[in-house]
Amino acid sequence: MIPIPYGRQEVTAEDVRAVAAVLQSDWLTQGPAVPLFEREVAAYCGAAHGVAVNSATSALHVACLALGLGPGDRLWTSPITFLSTVNCALYCGAQVDFVDIDPHTYNLDCDALARKLERARKDGRLPKIVMPVHLAGQSCDMAAIDALAREYGFRVVEDASHAIGGSYQGRRIGDGRYSDITVFSFHPVKIITSAEGGMALTNDPQLARRMELFRNHGMTRGPELMTGEPDGPWAYEQVELGFNYRMTDVHAALGRSQLLRLDDFVQRRRALALRYDERLDGLPLAAPWQHPDTQSAWHLYIVRVAAEKRRQVFEALRSEGVNVNVHYIPVHTQPFQRRRAATAWSFPEAERYYAEAISLPMYASLSEAQQDHVIAALGRALGA
Ligand SMILES: *Cc1c(COP(=O)(O)O)cnc(C)c1O
């Protein structure tokens, strides 16, 4: 039996044709496909600007750089996230701290955030950036985070790597109503893919320009960004220390072609989630709870089982060809992060969540027959 992965891409003949067309064109990179992809994603989400890069990790990094995050600054995020959310701040020389998760959504707990901000204000240790992560594709409580941002003066970058196609309060994630920058990932396990790739959306033209600078060596040909009169029409200036984080036109072609099916992908994921909800009902597990303000993009379908059974259930599923996974090992428990921690970190909700979590297979092309196999195997593993 072919194992069922926890997530995978769906690439069609049209996707292949779109990529081949770029391969046979004049531009493999820095051609027309990247700016088109940027405009299309921004328009889809209702944001003014899109800045495409070679990964979401790079997008998070240029977002932090554009907001001026540097040594002496602090970024706060959730411990239940992928390593990139934290590393992007460390690349800037900033310090990272965490806010525990909400036990229902597994997203950053806004009450815990409010309490921590109040303490930090007294100690003069407020964060410059708070980076909420929309775990599994479900939006954080962005209105609450925005209210706190106004009160405490921090900037907000949404790590929406899981969440393109999802919405919050009836509006698409990425519209920037409650944040400075929103970042999407186009890694193959995410909702749409460009193989590797990411994008940062913003409504602030200044931030967009800064992110474009940082993705391209800190180099500009725009006279308005130069420090002096250009020598001539060939002139370029390096005005910052940037990187080569550009997306290629080949990748953008795949991303553009996939974007046409984004709504369809999310619809199929939602149908699978509903089907899991119905058919797992009665088993000794906690299904993902959805806040009424949110419509998840359903990157992941995470269940929680008794901590003492988690390993056994995980291994039983794997042995039946169901390649479940765990998202995520709390970042603050990673050896590298522990080594650099100023204090002994403890986030009880995140740790409790981690001990119980299993991500079931979830992707647009998962068939109902495959899903039934997953459900049956899970039932057996739980002794039900
Ligand atoms: C996948 C992911 C990233 C990194 O995305 P890449 O495109 O692989 O760099 C960052 N944050 C979260 C929450 C992710 O799931």
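Numbers at a glance
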quantity: Rough spin-label spacing in nm, given labels placed 7 Å along Cα→Cβ, for Asp281 and Met226; calculated: 6.7 nm
quantity: Karplus 3J(HN,Hα) series, Hz, for the stretch 238-247 with 6.51 cos²θ - 1.76 cosθ + 1.60 (x for Gly, Pro); calculated: 8, 10, 8, 8, x, 9, 9, 10, 5, 7
quantity: Counted charge near Ala355, where neighbours are those whose Cβ lies closer than 14 Å (Asp, Glu -1; Lys, Arg +1); calculated: +1
quantity: Gain in span if fully extended, Asp111 to Thr12, counting 0.36 nm per residue against the direct Cα distance; calculated: 31.2 nm
quantity: Sites His217 and Leu260, calculated FRET efficiency, Cβ-Cβ separation with R0 30 Å, nearest 0.05; calculated: 0.40
quantity: Rounded tilt (10° steps) of 368-381 against the dominant C-alpha axis of the chain; calculated: 60 degrees
quantity: Label-point gap, in nm, between Arg121 and Tyr236 - each point 7 angstrom along Cα→Cβ; calculated: 4.6 nm
quantity: For the chain, calculated [θ]222 nm from helices alone, where every DSSP H run of n ≥ 4 adds -39500 (n - 2.57); calculated: -12000 deg cm²/dmol
quantity: Rg ratio (alpha-carbon, reference 2.2 N^0.38 Å) - the stretch 1-133; calculated: 1.39
quantity: Square roots of 5 times each gyration tensor eigenvalue, C-alpha, the chain, largest first, Å; calculated: 35, 28, 17
quantity: Calculated from backbone phi, Karplus (6.51, -1.76, 1.60) coupling profile of the stretch 212-224 in Hz, x at Gly/Pro; calculated: 4, 5, 5, 7, 10, 6, x, 10, 9, 10, x, x, 5
quantity: Whichever lysines have a C-alpha closer than 22 Å to that of Lys116, once near sequence neighbours (fewer than 8 apart) are set aside; calculated: Lys128
quantity: Near-label residues of the stretch 83-122 by backbone N, under 17 Å of a point 7 Å along Cα→Cβ of Tyr152; calculated: 95-102, 107-122
quantity: Ala43-Gln312 FRET efficiency (beta carbon distance; Förster radius 51 Å; 0.05 resolution); calculated: 0.60
quantity: Angle between the chain longest axis and helix 110-123 axis [Cα atoms, degrees, rounded to 10]; calculated: 50 degrees
quantity: Net charge, Asp109 excluded, C-beta distance under 15 Å - Lys, Arg +1, Asp, Glu -1; calculated: -4
quantity: Val16 accessible area, 1.4 Å probe, all protein chains in place, Å² to nearest 10; calculated: 90 Å²
quantity: Extension gain from Gln267 to Ala21, taking 0.36 nm per residue of separation minus the Cα-Cα distance; calculated: 85.7 nm
quantity: Protection proxy ranking, peptides 225-236, 336-347, 136-147, 280-291, average beta carbon neighbours within 10 Å, highest first; calculated: 136-147, 280-291, 336-347, 225-236
quantity: Sequence ranges 201-212, 57-68, ranked by mean other-Cβ count within 10 angstrom, highest first; calculated: 57-68, 201-212
quantity: Antiparallel bridges, percent of DSSP beta bridges restricted to the stretch 20-160 (to nearest 5); calculated: 10 percent
quantity: Centroid-to-centroid separation of the stretch 257-316 and the stretch 216-245 [C-alpha atoms, Å]; calculated: 47 Å
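The values are calculated or read from the model by the stated rules, or taken from the named source; none is laboratory data. Treat the numbers as computed from the prediction; the structure is a model and nothing was measured. When we count neighbours, we look across all protein chains shown, and the Cβ atoms used for this are built from the backbone with ideal geometry, even at glycine. Areas reflect the complete protein model, heavy atoms only, side chains present, ligands, DNA and RNA absent. Shrake-Rupley method; radii C 1.70, N 1.55, O 1.52, S 1.80 Å.
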